[in-house]
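Trainee: Could you have a look at this structure, given as C-alpha cells, before my questions?
The values are calculated or read from the model by the stated rules, or taken from the named source; none is laboratory data. Worth saying up front: this structure is predicted, and the values here are computed from it rather than measured. Glycine gets a Cβ as well: all are built from the backbone with ideal geometry, and neighbour counts include every protein chain shown. Accessible surface areas use protein heavy atoms only, side chains included; no ligands, DNA or RNA. Shrake-Rupley method; radii C 1.70, N 1.55, O 1.52, S 1.80 Å.
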Amino acid sequence: MKAIRTILLAGAFAAGTCAAQAEEMVFASWGGSYQEAISKAWLQPFSEETGIDIIQDTEPEVARIKAMVETNSLEWDVVTGGGSTLMRGVAYDLFEPITADMVDQSHVIEGARNDYGVPSEIFSTVIGYSKDAFPDGGPRTFADFFDVEKFPGMRAVPDRAATVLEAALLADGVAPADVYKVLDTEDGFQRALDKVSSLRDHVAVWWSSGAQPVQALGSGEVVMALGWNGRFQAGMDEGLDIEMSWAESIAQVGYFMIPRGAPNRDQAIRFLNYMVQPEAQSRFSEYVAYGPVTDQAWEFIDDERQARLPSTPERLKNAIFMDIAWWADNATAASEKYRQMLQK
Amino acid sequence: MKTMPNMRPAFWAWVAVAPLLIFLGVLFFFPALSLLGISFGEDQLTFEHYLRIADVPIYRRVLLNTFAISALVTLFCVIVSYPVAYLLATVSPKVRKILFIVVLLPFWTSALVRTTAWIILLQRKGVLNDLLTGAGLIDAPIAFVYNLSGVLIGMTHVLMPFVVLPLFAAFINIDRTLVEAAEGLGAGPYSIGRRVILPLTAPGVIAGATIVFLNSIGYYITPALMGGPGQTMIAMLIADNINRDLNWSLAAALSVVLLLCTVAIFVVFQRVFGLERLLTGSASRGSTAKFSIGNKGRTGGGWLTFACGVAVLIFLIAPILIVFPMSLGSSPFLSFPPESYSLRWFENLFEEAKWMRGVVNSLQAAGVAVSLSVVLGTLAAIGTMRVGRRMRPWLETVFILPMVIPVIILSVGLFYMLAPLGVIGNPATLGLAHSVLAVPYVFITVRASLVGFDRNLELAALNLGASWPVMFRRVMLPAIMPGVAAGAVFAFIQSFDDVVLALFLTNIRSRTLPRVMFEGMVHEIDPTIIAASAMIILLTLTLLAINLLLSRRQS
C-alpha cells in the first residue's frame, strides 16, 4: 500500500512537472493482498519501465462497470475479475474484444484463453484439511472428501454451486472430460445435486467469503474444506496446521479486461501485453500462491515456489478448468436449484 | 406572521412537508422507480421475471425466511430493550452517558468486525462453548453459529439500539405520579408494568420495532456470515442478481415483490392492532416530573429488571471487548486469545494513508447526511401531524419507503442519474444519498416524540403572543429534543455504516471508512480493520472520558 501511495505521489509529481506529456492509466482490482501482489509484480515495474503513471482504484463490480459504460462515465482502463464476471460483461457488451493484434496470447495455456480478457493468473479449488485431524494421511481425491466413513468430521463447502457441482461429479466417478457433458443433462445435474445433498449433514460451514474455510479449519470448526489454494497457502504460511491435496483440483482463471470506452485504451493494451509475458508472469507468485498462465514462465520459477502453485503441467493433468461458458448459460437456474437443495 | 399558522394550519403543514417530498421525489422516487421499472423487461413489456418468482419455489422460501427472521429479530429486540431502557432511565445522568455509549458501540465497528468477533465467541471451539464445557454445564459443544441462532444473535445485537433509544425517550417521559398512584392503589410491579408502563411506552416501542423490522428485511452480510443456507435472505439474492449475474430485471422484480409484501404486512398490522390508535391514544400529558424510582427504592421486580438490563449490556459489549485482544494478535487468521501478540495491524493502520482519508471522507458524508436529514425529517414530521387525517397515512408511507427498498437498487438508480452530472466521487454527493437512507429514521423518531407533545402548550404559547419560531424554539423543540437527537444518532449510523451506496458513489479519492474496510473481503479478512475498529472505540471512549471529566469540573 505504501507502494500505491508512492505511485500516486510520483504521478502527482510527474503531472506537475510535465503535465502535457504525462501518460496515465487507471487500474481497478479487488484490494487486499491480491491487489498488492499485482502492484508489486506488474504495476510498479511497468510504470518504471514505461513512465506511464498508474492510478489504482478498487472494487470493480461488474454492475458498476455496466453503469459506467452506459452512462459514458468510465474511469477505469483495466479491470480484473473472474470468469463469471468476464462472461456476464461480455453478454452485456461491456468489454473490448482482445484481438491477436492487440495482445498475442498464443503462448497462453489453452484452457485459460478468452476473446475478451487476458488471463492473469490461475488459482484452484482444492481440498484443504487439518493435519491434526488426520495424522495418518488426509483426504486426497474429491471422492475422499465425500466419504464420511473413511474421513469423518465436519466440512466447509462453498455456498454457491460453481466448483461444488463439478467436485461432486468427479467424486461420483464421472471422468474429468465428461463433467460438463453430464452437468448439461437434467439427470446429470440432479446427480450432482444429490451427491452434494448426501453430504449436507456433515457440512458445518457453507462459506460465502474465501477467508471463511481457512478460519474454520484453523479454529477446528471443520476438519476439511473445499477452498482456494491461495487462501489455504496463506494460512499455512502463517503457521496454521493445514495441508492441501493436489490429487484433484478445479482450476479457475483470473482475467484483466478493458471496458468499452476506456479513456486510456492504448496504455491499457501496452500494460496487458507486459503482464502476460512469461517473465512478468513468473513474478506474480512471489507475492501470492497463484500460478502463471503460460508454461514458458516455469523456467523463471524455482522448485520450492513451484510446489506452491496450482498450474504446473503435472497438476493441471489432474485438474479440470471451470467452464465459464457453461456457467454463463446456467448460472441463474443452477443457483436456484442449489439454494433450494440446501433449504432441506 | 404571528397569526398565520392559526389561520391556515393546513397550508403551513404542507409547507413543512414539501421540502422532504421534493427531496425524496428527486433523489429517491425517480432513481428507484426507473430501476424498478425494468422488472417488466428492459426492452419490451414482459412478466417473465414475476412468473419466475412465482414459479421457482426458492424465491417464496427466501421471502418467507426474510419476513420470519425479521419478525423474530424485532421481537427479540423489543424484549431485550425493555430492561436496558429501564436501566438507562433509572441511573444517574453520568452513568447514563456511559451506558449510552455501550448501547451504541456496536455501530462504531464495521459489520465485518462484529460478525468475526461473534463467530470467534460462538463457534464450536469458541469462547462461550469453552466456558460452558469447562464449567461442566454441557457435555458437547453447542452450534450457536452458522444457523438460525447465529443470525438472531448477530442481528439483535446490532439492531437493538434502534429500540432502546426511542424506548428510553418514552420511559423518561412517563409521568412519575402515575406510577406512584398505581402503587398507592395497591398495584404490584407486574400490573404496573402491564397497565402503566407498557401502554405509556408503546409509541416508543412501535417506532423502534418499525425501524428494526424494516432494517432487518434489507440485511444480508450478517445472515450470510453467521447463518446457514436455511437463513438466506432476499437482499442477498437481490444483491447477487445486481452485482454478480447482472440480472437486473429479476432483481427489480424481487424488489417490487418485497416492497408489496412489506406494505401488505403493514396494512394488515395496522388493521388488526390499530397502530394509529396505539400511537395517538397514549400521549402522556406534558409532565415535568421525570421517570425515576419512587422514595421506596427499587422493588423486587425493579431489581430483577435491573439485573436483566445488566445482562443485556454484557451481551452488547462482549464482542466489542474481544476486539482489543484480537487487534493485537500477530496472525491474520484470527483466534481468541491470540497465540502471540504484535502491533503489526496498528502499524498498517497508521502507515497507510487510506484509513485516515477514509475517516475524513466518512465524517464529511455523515455531516451532510445528518444535518440534511434532521432538518427535512423534523419539518416533515411536524407537518405530517397537522395535515388532514386522510392524507396522513399516505405521507407516512411515502416517508418510510426509503427503508423498504433494497439499498443496492437505490445505488444503481442514483448512479445512472448522477454520473452524467459528473458529481460521483464527491463526499457531499454520498452525503445526499445517505440522507435518503437516514431521513425515515429522523421522521419516525421525531413523529413518536410529537405524539407525546401536548398541542395545548403550543396553542397557549401562541396565544400568549409568542411567534411560531419562538414557540418552536422554546416550547416544541425542547419537548421533541430526545426524538430529534435519537434521529440524528440513527442518521449518523446509517451514513457511517453504509457500504453499498459508497461502492457505487465514491472513487479512489473519496472512499469512506466502511468501504476501505470492505475491500479485499471476498478473499481475506485483513486484521487492520479490527485495529481500525479498536481505534474508533478507543477514540469514542476517550471523548466520553473527557466529557465526563469536564462536566464534573463544571458542577
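Trainee: Using only atoms on other chains, find how many Cβ atoms lie within 10 Å of each Cβ of peptide A:236-246 and report the average.
Mentor: 1
Trainee: I'd like the FRET efficiency for B:Leu477 and B:Ser149, computed as 1/(1 + (r/R0)^6) with the beta carbon distance as r and R0 of 56 Å, rounded to 0.05. Please list the in-between numbers first.
Mentor: Details: r = 43 Å, r/R0 = 0.77.
Using R0 = 56 Å, I get an efficiency of 0.80.
Trainee: When the label point is put 7 Å from the Cα of B:Val56 along its Cα-to-beta-carbon vector, which residues of segment A:191-208 have a backbone N closer than 17 Å?
Mentor: A:193
Trainee: Put +1 on the Cβ of each Lys and Arg and -1 on the Cβ of each Asp and Glu in the protein assembly as shown; which of A:Pro313, A:Ile54, B:Thr384 then has its Cα farthest toward the positive end of the dipole?
Mentor: Projecting each Cα onto the dipole axis, the largest value belongs to B:Thr384.
Trainee: Next question. Find the lysine pairs in chain A meeting two conditions, Cα atoms under 28 Å apart and a separation of 8 or more places or different chains, and report how many there are.
Mentor: The number of close lysine pairs in chain A is 15.
Trainee: Related question: Using 1/(1 + (r/R0)^6) with R0 = 35 angstrom and r between the beta carbons of A:Thr50 and A:Lys317, what's the FRET efficiency to the nearest 0.05?
Mentor: So the FRET efficiency works out to roughly 0.40.
Trainee: With a point put 7 Å past each Cα toward its Cβ, work out how far B:Val263 is from B:Leu137 in nm, to one decimal.
Mentor: Result for the modelled spin labels: 4.7 nm.
Trainee: Can you give the average number of partner chain beta-carbon atoms within 10 Å of each beta-carbon in peptide A:336-342, as a whole number?
Mentor: So the per-residue partner count for this stretch is 5.
Trainee: Probe radius 1.4 Å, ligands and nucleic acids ignored: give me the carbon and sulfur share of the accessible area of segment A:200-266 as a rounded percent.
Mentor: Carbon with sulfur: 39 percent of the solvent-accessible area.
Trainee: If you don't mind, there's one more thing I want to ask. Just to confirm the number: angle between the C-alpha axis of helix A:324-342 and the first principal axis of chain A, 0 to 90 degrees, nearest 10?
Mentor: 40 degrees
Trainee: Something else now. Name the residues of segment B:145-164 whose accessible area falls by at least 30 Å² when all protein chains are present instead of the chain alone, probe 1.4 Å?
Mentor: With the partner chains in place, segment B:145-164 has these residues losing at least 30 Å²: B:Tyr146.
Trainee: When 1/r is averaged over all different Cα pairs and the result inverted, which Kirkwood radius in Å belongs to the protein assembly as shown? Before the final figure, lay out each step's value.
Mentor: Values: mean 1/r = 0.0340 Å⁻¹.
Across the protein assembly as shown, the inverse of the average 1/r is 29.4 Å.
Trainee: Grab the beta carbon distance between A:Asp136 and B:Ala10, set R0 = 51 Å, and tell me the FRET efficiency rounded to 0.05.
Mentor: On the way: r = 83 Å, r/R0 = 1.63.
It comes out at approximately 0.05.
Trainee: Please report, in whole Å, how far the alpha carbons of chain B spread along each principal axis, starting with the longest.
Mentor: Cα extents, longest axis first: 66, 66, 48 Å.
Trainee: Same structure again: Using a 10 Å cut-off on Cβ to Cβ distances, tally the other chain neighbours for every residue of B:502-508 and report the average as a whole number.
Mentor: 5
Trainee: Let me ask another. With a 1.4 Å probe and all protein chains in place, put A:Glu149, A:Glu299 in order of accessible area, largest first.
Mentor: A:Glu149, A:Glu299
Trainee: Expressed as a rounded percentage, what relative contact order does segment A:101-173 have, with Cα pairs under 8 Å and six or more residues apart? The partial results should precede the final answer.
Mentor: Details: 38 pairs, mean separation 16.8, N = 73.
Rounded, it is 23 percent for segment A:101-173.
Trainee: Please work out the Cα center distance from segment A:125-181 to segment B:309-325, rounded to the nearest Å.
Mentor: Answer, in whole Å: 39.
Trainee: What residues qualify as long-range amide H neighbours of A:Ser120, i.e. H under 5 Å apart, gap of 5 or more or another chain, H built at 1.01 Å from N?
Mentor: A:Gly254, A:Tyr255, A:Phe256
Trainee: Now for a different question. What are the membrane-span-like helices in chain B by this rule: whole DSSP H runs, Cα extent along the axis at least 30 Å, mean Kyte-Doolittle hydropathy at least 1.0?
Mentor: Span-like helices, by this rule, are B:57-90, B:248-273, B:300-321, B:353-384, B:427-451, B:528-554.
Trainee: Of A:Ala28, A:Ala67, B:Pro478, which is farthest on the positive side of the dipole of the protein assembly as shown, counting Cα position, with +1 on Lys and Arg Cβ, -1 on Asp and Glu Cβ, and the Cα centre as origin?
Mentor: After comparing all options, I get B:Pro478.
Trainee: Give the angle, between 0 and 90 degrees and rounded to the nearest 10, that separates the Cα long axis of helix A:2-17 from the longest principal axis of the Cα atoms of chain A.
Mentor: The answer is roughly 20 degrees.
Trainee: Simple spin-label model, 7 Å along Cα-to-Cβ: B:Leu198 to A:Glu23 in nm?
Mentor: With each label point 7 Å from Cα toward Cβ, the separation is 7.6 nm.
Trainee: Extension gain A:Ala177-A:Lys150, at 0.36 nm per residue separation less the Cα-Cα distance, in nm?
Mentor: 7.0 nm
Trainee: Tell me which residues come under 5 Å, amide H to amide H, from A:Phe321 once H is placed; ignore anything under 5 positions away on its chain.
Mentor: A:Ala251
Trainee: Relative contact order (percent) for chain A, with alpha-carbon contacts under 8 angstrom and 6 or more residues of separation?
Mentor: 25 percent
Trainee: Measuring from label point to label point, each 7 Å out along Cα→Cβ, what is the B:Leu33 to B:Ser371 span in nm?
Mentor: 3.1 nm
Trainee: Still on this structure, please answer the following. Looking only at segment A:41-78, which residues have a backbone nitrogen under 15 Å from a spot 7 Å from the Cα of B:Tyr416 in the C-beta direction?
Mentor: Correct set: A:63-73.
Trainee: Please give the per residue accessible area of chain B, computed with a probe of 1.4 Å over protein heavy atoms only, in Å².
Mentor: 42 Å²
Trainee: Oh, and also: For chain A, what is the calculated [θ] at 222 nm in deg cm²/dmol (nearest 500), taking -39500 (n - 2.57) for each run of four or more DSSP H residues and dividing by its residue count? Please report the intermediate quantities before stating the final value.
Mentor: Numbers: 16 runs with 142 residues, N = 344.
Value at 222 nm, helices only, nearest 500: -11500 deg cm²/dmol.
Trainee: Where the accessible area of segment B:323-380 is counted over protein heavy atoms with a 1.4 Å probe, how much of it, in %, is carbon and sulfur?
Mentor: Numbers: 1820 of 2640 Å².
Within segment B:323-380, the accessible surface is 69 percent carbon and sulfur.
Trainee: A further question follows. In bins 10 Å wide, starting from 0, what share of all Cα pairs of chain A does each bin hold, as a percent?
Mentor: Values per bin, smallest distances first: 5, 24, 32, 24, 11, 3, 0.
Trainee: Over chain B, what is the mean sequence separation of C-alpha contacts under 8 Å (at least six apart), divided by residue count, expressed as relative contact order in percent? Mind dumping the intermediate values first?
Mentor: Working: 778 pairs, mean separation 130.3, N = 555.
Rounded, it is 23 percent for chain B.
Trainee: Same structure again: Per-residue HN-Hα couplings for segment A:301-306, Karplus 6.51 cos²θ - 1.76 cosθ + 1.60 at θ = phi - 60°, whole Hz, x for Gly and Pro?
Mentor: Each residue of segment A:301-306 in turn: 10, 6, 4, 4, 6, 4 Hz.
Trainee: Can you say what percent of the DSSP beta bridges in the protein assembly as shown, counting only those with both residues inside, are antiparallel? Round to 5.
Mentor: 60 percent
Trainee: Next question. Amide H neighbours of A:Trp207 under 5 Å, at least 5 residues apart or on other chains, H built in the peptide plane: list them.
Mentor: A:Val157, A:Asp159
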